[in-house]
2 protein chains.
Amino acid sequence: TVVDKDVDFANYFCTYGFLYHQKEMLCDRVRMDSYYNAVFDNKHHFDGKTVLDVGTGSGILAIWAGQAGARKVYAVEATKMSEHARKLVKANNLQDVVEVIEGSIEDVTLPEKVDVIISEWMGYFLLRESMFDSVICARDRWLKPTGVMYPSNARMWLAPMRSRLADQKMSDHEGAMGDWFCFLDETKTNYGVDMSVLTKPFSEEQKKYYLQTSLWNNLHPNQVVGTAAIIKEIDCLTVTVNDILNVRASISSSISAEETRLCGFAGWFDVHFRGSKENPAQQEIELTTAPSEDYSTHWGQQVFLLHPPISVSKGDDLNINFSMDRSKQNHRLMEVELSCEIKQTSGKLLLPFRNKFYIE
Amino acid sequence: TVVDKDVDFANYFCTYGFLYHQKEMLCDRVRMDSYYNAVFDNKHHFDGKTVLDVGTGSGILAIWAGQAGARKVYAVEATKMSEHARKLVKANNLQDVVEVIEGSIEDVTLPEKVDVIISEWMGYFLLRESMFDSVICARDRWLKPTGVMYPSNARMWLAPMRSRLADQKMSDHEGAMGDWFCFLDETKTNYGVDMSVLTKPFSEEQKKYYLQTSLWNNLHPNQVVGTAAIIKEIDCLTVTVNDILNVRASISSSISAEETRLCGFAGWFDVHFRGSKENPAQQEIELTTAPSEDYSTHWGQQVFLLHPPISVSKGDDLNINFSMDRSKQNHRLMEVELSCEIKQTSGKLLLPFRNKFYIE
Ligand SMILES: Nc1ncnc2c1ncn2[C@@H]1O[C@H](CSCC[C@H](N)C(=O)O)[C@@H](O)[C@H]1O
Ligand SMILES: Nc1ncnc2c1ncn2[C@@H]1O[C@H](CSCC[C@H](N)C(=O)O)[C@@H](O)[C@H]1O
């Protein structure tokens with residue numbers, strides 16, 4: 001897919017130029033604690049080393065690397081946020097260690113290779129934004145053969161779920177279509193134009209918007225109604241861009257709630273900070289965005305809803321085929337195909353279904 | 001100002017590609033009735049004539065021109081909405097009269113010059129979106145010397161107003177800054193980084209967002225607390241792009257409400273369909289977006305708020321300098337400077353003020 005670089009810059013990077021948006025990430029305690037502990041519980045990875053922070057934003061990770069004893073930190077940021085990062089570095093007395101460089105990591109030249117690449121590159125459902133491409137590019141160009149990645153591993157998860165959102169979206173959609181038919185009548189009566197030929201494209205547009213667009217949601221653990229399964233595992237040291245262009249998985253899940261409604265599926269991710277095989281972490285740190293009563297993140301979960309929901313019972317088995325590709329119009333967005341067959345405990349097979357979703 | 005065409009296309013045109021958005025305009029009764037009456041009360045301008053519809057969207061204006069007897073209508077639309085317009089034309093049996101052409105009007109070549117240019121090019125506060133540039137370009141290239149413009153005239157208005165929004169925005173802003181200082185404390189305590197050097201840029205960002213961004217609002221007429229004044233008059237037949245690059249006006253207004261608060265200023269516009277001097281309309285039609293109890297439009301009014309509001313009384317005189325320019329970053333957005341001095345009936349002059357606003 002061909003990307004116009006200027007369009008991508010205008011659309012993708014604009015929000016990151018706002019301190020307000022950086023602050024939202026800086027206020028995510030789960031995110032912050034994980035990276036903080038990853039760095040300070042593993043000082044041996046930073047002390048006296050050279051570090052590259054890909055997409056430094058406010059500069060926070062670069063500053064921590066500096067505080068943990070790095071000899072030199074290159075902090076690369078595509079947006080004007082780099083200017084704030086530079087000021088913050090100075091105010092925290094690290095101007096001799098942390099060098100903030102404004103530019104896309106793809107275009108930047110460093111004077112040396114580095115021991116560690118640290119980056120917070122995870123988008124919704126891990127891969128949205130496709131920023132990990134840039135981290136892979138940085139790794140292949142600037143990480144020493146003995147280097148380590150922070151984080152070192154990532155996984156994507158999928159689980160069956162229930163939510164009132166499914167009903168709400170369905171009734172929003174019905175409302176919108178009801179409005180449409182009033183609109184057709186009025187346009188014919190008042191303005192002499194018959195617009196009914198647009199009903200099909202309008203209803204497709206609305207269906208995509210209300211029913212096929214996956215949603216951000218912060219689920220309570222008890223909304224997860226069956227076992228969660230891993231749909232992708234990534235070793236950040238070795239994965240290629242080609243490996244993350246799509247995600248394909250055949251998984252099974254077993255309903256764990258008593259009588260309930262299967263309203264769709266929830267996706268989330270976790271990443272681990274383990275260092276490398278030759279140079280392992282002293283203390284492994286995990287950052288998870290799984291549904292949690294106490295520890296929610298700004299990533300929440302990505303929700304794919306079924307319309308209408310399906311009645312399921314404890315022990316029912318789901319066989320799910322999941323496939324995710326990048327959107328042709330915008331390589332930072334995703335399209336998902338999800339098919340599922342349900343085998344009830346009695347052995348009876350329900351009619352399988354197959355749905356298409358957009359991660360916008 | 002240099003505009004990247006691809007960025008402009010991606011950002012500006014994307015919403016117009018949705019039927020949902022076209023429908024919102026098609027549901028604006030004030031807008032629809034004005035254009036409908038302009039065409040059908042002035043059939044002599046259309047009957048047997050050639051017409052160009054600049055930015056046909058769903059095709060509605062082109063179809064009306066065809067129904068009013070046009071010999072030929074060229075309906076130009078930049079987005080894929082052109083495909084829906086083409087279907088709609090066919091379904092209304094006008095495929096021999098209305099030719100839908102997909103493309104930017106700037107790039108399109110017509111086989112002949114036209115008698116009428118019709119277009120609904122008005123953005124918020126008339127000039128936002130800068131689409132009238134494209135209409136002027138079309139006029140200079142494709143309108144016969146004897147041709148007429150639909151609409152033929154446009155005006156911008158400004159009036160003093162009151163609104164609780166002023167208090168709300170002020171307290172939102174205070175809340176955001178309160179959050180910021182908590183955030184500073186927590187980041188220092190929990191993560192060992194002093195971010196106070198970012199207070200100034202953050203507060204500028206927030207001030208711009210909460211206090212300096214002008215707002216869409218649908219005002220009740222009794223929220224207008226003084227006389228309205230015209231700040232710009234446009235003759236669509238003769239105006240040049242240069243004439244609309246900025247708006248400068250020195251106006252006065254007199255407070256007409258008893259004791260009240262001056263919370264800011266409201267801007268709106270009207271357009272008229274008068275034909276041309278040589279070829280006047282049989283029936284002049286007006287489309288106004290002024291505050292109205294019964295006839296609100298999707299344009300609403302553009303509101304520029306003062307923080308804090310100022311106490312004023314009936315008879316107080318305002319001398320206002322208004323100046324609007326296009327934003328350097330995006331030629332479809334605007335920046336406003338508004339200064340005002342208030343002379344009370346007693347003759348006492350209040351401290352004059354000068355504010356900067358963004359129309360985003
Ligand atoms: N290719 C690229 N080159 C440089 N910076 C990039 C980039 N792609 C994304 N970014 C930047 O990466 C940042 C990701 S958000 C993370 C910010 C910061 N590291 C923190 O953890 O708080 C954004 O500021 C974004 O502008
Ligand atoms: N330079 C240009 N060339 C072609 N179409 C343009 C254009 N600038 C804006 N447009 C289109 O003009 C339309 C304006 S909205 C008005 C739509 C329609 N005429 C109606 O009255 O309902 C949008 O569909 C937009 O895509």
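Considering only A:Val241, A:Leu338, B:Ser58, the residue lying farthest towards the positive end of the dipole of the protein assembly as shown is A:Val241, judged by Cα position with unit charges set on Cβ. Among the residues of the stretch B:66-113, those with an accessible-area drop of 50 Å² or more from chain alone to full protein complex, heavy atoms and 1.4 Å probe, are B:Leu88.
Taking each residue as 0.36 nm, the span from B:Leu351 to B:Glu258 lengthens on full extension beyond its C-alpha to C-alpha distance by 31.4 nm. Contact with the other protein chains removes 50 Å² or more of accessible area, compared with the isolated chain and a 1.4 Å probe, from these residues of the stretch A:11-39: A:Leu19, A:Tyr20, A:Lys23, A:Arg29. Angle, helix B:165-191 long axis vs. longest principal axis of chain B, Cα atoms, 0 to 90°, nearest 10? With rounding to tens, the tilt is 60 degrees.
Accessible area per residue for the stretch B:120-258, computed on protein heavy atoms with a 1.4 Å probe, is 43 Å².
Placing a pseudo-label 7 Å from each Cα along the Cα-to-Cβ vector at A:Arg71 and B:Glu286 gives an inter-label distance of 7.8 nm. Helix A:29-40 and the long axis of chain A differ in direction by around 30°, with both axes built from C-alpha atoms. Annotation for the A:B interface, with buried accessible surface near 3700 Å², both sides summed [1.4 Å probe; non-protein components not counted]. Between this copy and the others, label points of B:Leu333 are 2.0 nm apart in ascending order, each placed 7 angstrom from Cα in the Cβ direction. For the stretch B:1-92, the carbon plus sulfur part of the accessible surface works out to 53%, probe radius 1.4 Å. For the stretch A:1-65, the relative contact order works out to 28 percent when only alpha carbon pairs closer than 8 Å and six or more residues apart are counted. DSSP bridge analysis restricted to chain A gives an antiparallel fraction near 75%, rounded to the nearest 5. First check a/c for the stretch B:196-244, with a ≥ b ≥ c the square roots of the eigenvalues of its C-alpha gyration tensor; if it is under 1.5, answer rounded, and if not, answer prolate when a/b is larger than b/c or oblate otherwise. Oblate. Counting only protein chain heavy atoms and rolling a 1.4 Å probe, the accessible areas of A:Lys87, A:Lys144 rank, largest first, as A:Lys87, A:Lys144. Sorted shortest first, the distances from the B:Lys348 label point to those of the same residue in the other copies are 8.4 nm; each point sits 7 Å from Cα along Cα-to-Cβ.
Taking the label point 7 Å along Cα→Cβ, B:Lys188 and its counterparts in the other copies are spaced 6.9 nm apart, in ascending order. Please report the spacing between the Cα centers of the stretch A:202-272 and the stretch A:73-116 in Å, no decimals. That distance is 35 Å.
Under 8 Å for C-alpha pairs, at least 6 residues apart: give me the relative contact order for chain B, rounded to a whole percent. Normalised by residue count, the contact order of chain B is 17 percent.
Among the GluC sites (Glu not before Pro) within the stretch A:248-325, those in coil by DSSP and having at most 10 neighbouring Cβ atoms inside 10 Å are A:Glu258, A:Glu259, A:Glu278, A:Glu293. Measuring against 20 Å, Cα to Cα, the residue pairs A:Lys232/A:Lys348; A:Lys356/B:Lys87; B:Lys208/B:Lys356; B:Lys43/B:Lys144 contain A:Lys232/A:Lys348; A:Lys356/B:Lys87 as the ones spanning a longer distance. Take the Kirkwood radius over Cα pairs of the protein assembly as shown, plug it into Stokes-Einstein at 4 °C and 1.567 mPa s, and you get 44 µm²/s for translational diffusion.
Run the numbers on the stretch A:74-134 and let me know its relative contact order in percent, using alpha-carbon pairs under 8 Å that are six or more apart. The value is 33 percent. Once all protein chains are placed together, B:Thr146 keeps about 100 Å² accessible to a 1.4 angstrom probe. Given a 1.4 Å probe and the protein chains as shown, B:Asp47 ends up with an accessible area of around 100 Å².
Residues of the stretch A:181-195 losing 20 Å² or more of accessible surface, assembly versus chain alone, probe 1.4 Å, please list them. Those are A:Phe183, A:Asn190, A:Tyr191, A:Gly192, A:Val193, A:Asp194, A:Met195, which lose 20 Å² or more relative to the chain on its own. To the nearest ten degrees, helix B:132-142 and the longest principal axis of the Cα atoms of chain B are 20 degrees apart. Taking a ≥ b ≥ c as the square roots of the eigenvalues of the Cα gyration tensor of the stretch B:1-157, is the shape rounded (a/c under 1.5), prolate (a/b larger than b/c) or oblate? Because its axes are fairly even, with a/c under 1.5, the stretch B:1-157 counts as rounded. Shape analysis of the stretch B:187-283 yields a ratio of the Cα radius of gyration to the Kirkwood radius, Rg/Rh, of 1.20.
Solvent-accessible area of the stretch A:111-246 (1.4 angstrom probe, protein heavy atoms only): carbon and sulfur portion equals 51 percent.
The values are calculated or read from the model by the stated rules, or taken from the named source; none is laboratory data. Keep in mind that what you see is a predicted model, and the values were worked out from it rather than measured. When we count neighbours, we look across all protein chains shown, and the Cβ atoms used for this are built from the backbone with ideal geometry, even at glycine. Remember, those area values only see protein heavy atoms, side chains included, never the ligands or the DNA or RNA. Shrake-Rupley method; radii C 1.70, N 1.55, O 1.52, S 1.80 Å.
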